[in-house]
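Enquirer: Attaching a single structure in structure tokens format; questions to follow.
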Amino acid sequence: MVFRKGMIGFTVITAVVGFMLAIQFQTVKEPVVRDTRDIWELRNDLLTEKERYSILLDQISALDDTIEKYESERETSKEQALRETLDMLKNEAGLTERVGTGITLSVEPVTEEILLGSSIQQVSPDMLQRLVNELNRFGALAISIDGQRLVNTSVIRDINGKTTVNGLPIKNIPFTIEIITKDIDSAQNLFNQLQVSEIVEGFFIDNLRISISSPEENVVVPAYNDTIRIRLMEQVEEGGNS
């Protein structure tokens, strides 16, 4: 009887050890997925993430300042704090004119191609959207294209053969693009990045040249002049449920 109990115990231990070895073997056998990106792609991805992290920190800091302001002025000037918050939100949403440090781009035909008889049609929506993505990536805070302010709901697309911004066609070439950045250093960084950006070469292939102004302090970006429509939201009635 003792011998039989010993055999049962030995069998159980052997089974457990075998199960653990099987799991370990399976884990070792699973292939390791390698990251195939080269060092420059990794550096660009890291730079992008750092820029996003910096923007998030700035936003968190601004919200912390707003909360602190609410706390300090809650008893003395609630209305003033609400008005300032409303103005801040309107400014961030693009509903007010903005003046600040930045640069101006001028999109114009390549003179040499005109002299050779090439016709300049218009800037393509895809190329213009790629440029906007580059500007946002390199720190643009506010952008206007041919007098049209870009907001979160803005669309750049082709309508009846015309490139439009906010539903309105770009009138003529040349036209300007105004960009406001955080400060003079950010404007200089944007200027440097655009100097070596492939998007500038892309415009040149389309017989268009982008002229980039030096950083300046009084760039004007107009307010968005249409109604921003918010979907999937409704007003909560006081004392009731949404």
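Enquirer: Every residue in region 208-230 that is over 21 Å from the mean Cα position of the chain (by Cα) and modelled with pLDDT under 85, please.
Expert: Scanning region 208-230 gives ASN225, ASP226, THR227.
Enquirer: Right, here's the next one. Scan ALA81, ALA142 and give me the residue that is in contact with a Lys or Arg (Cβ under 7 Å, 6 or more places away or on another chain), farther than 16 Å from SER211 by Cα and assigned by TED's automatic domain parsing to the domain that holds GLU49.
Expert: After ruling out the rest, the residue left standing is ALA81.
Enquirer: Next up: Could you give every pair whose Cβ atoms fall below 7 Å, whose first residue belongs to region 214-239 and is assigned to a loop (DSSP other than H, G, I, E, B) and among the hydrophobic types (A, V, I, L, M, F, W, C), and whose second residue is surrounded by 10 or more Cβ atoms within 10 Å (Cβ to Cβ) and modelled with pLDDT of 65 or more, counting only separations of at least 6 or pairs across chains?
Expert: ALA223/GLY94; ALA223/LEU95; ALA223/THR96; ALA223/GLU97; ALA223/ARG149; ILE228/ALA93; ILE228/VAL151; ILE228/THR153
Enquirer: Quick check, is VAL155 over 17 Å from the mean Cα position of the chain (by Cα), surrounded by fewer than 16 Cβ atoms within 10 Å (Cβ to Cβ), more than 14 Å from LEU105 (Cα to Cα) and of a type in the set (A, V, I, L, M, F, W, C)?
Expert: It is false that VAL155 is over 17 Å from the mean Cα position of the chain (by Cα), surrounded by fewer than 16 Cβ atoms within 10 Å (Cβ to Cβ), more than 14 Å from LEU105 (Cα to Cα) and of a type in the set (A, V, I, L, M, F, W, C).
Enquirer: Out of all the residues in region 160-171, which are outside any loop (DSSP other than H, G, I, E, B), under 24 Å from ARG137 (Cα atoms) and either in contact with a Pro (Cβ under 6 Å, 6 or more places away or on another chain) or not β-branched (Val, Ile, Thr) (or both)?
Expert: THR163
Enquirer: Mind listing whichever residues of region 182-226 are among the aromatic types (Phe, Trp, Tyr) and buried (at least 18 other Cβ atoms within 10 Å of the Cβ)?
Expert: PHE191, PHE203, TYR224
Enquirer: When only residues in region 188-207 that are among the aliphatic types (A, V, I, L, M) and part of a helix (DSSP H, G or I) count, which is nearest to the chain's Cα centre (by Cα)?
Expert: LEU190
Enquirer: For region 172-187, state whether one or more residues are more than 18 Å from the chain's Cα centre (by Cα) and part of a helix (DSSP H, G or I).
Expert: Checked region 172-187: at least one residue is more than 18 Å from the chain's Cα centre (by Cα) and part of a helix (DSSP H, G or I).
Enquirer: When you check ARG137 against the structure, is it modelled with pLDDT under 95, over 20 Å from ARG209 (Cα atoms) and touching a Pro at 6+ places or on another chain (Cβ under 7 Å), yes or no?
Expert: no
The values are calculated or read from the model by the stated rules, or taken from the named source; none is laboratory data. None of these values were measured; they are calculated from a predicted model. Methodologically, a virtual Cβ is constructed for each residue, glycine included, from the backbone with ideal geometry; neighbour enumeration extends over all protein chains shown.
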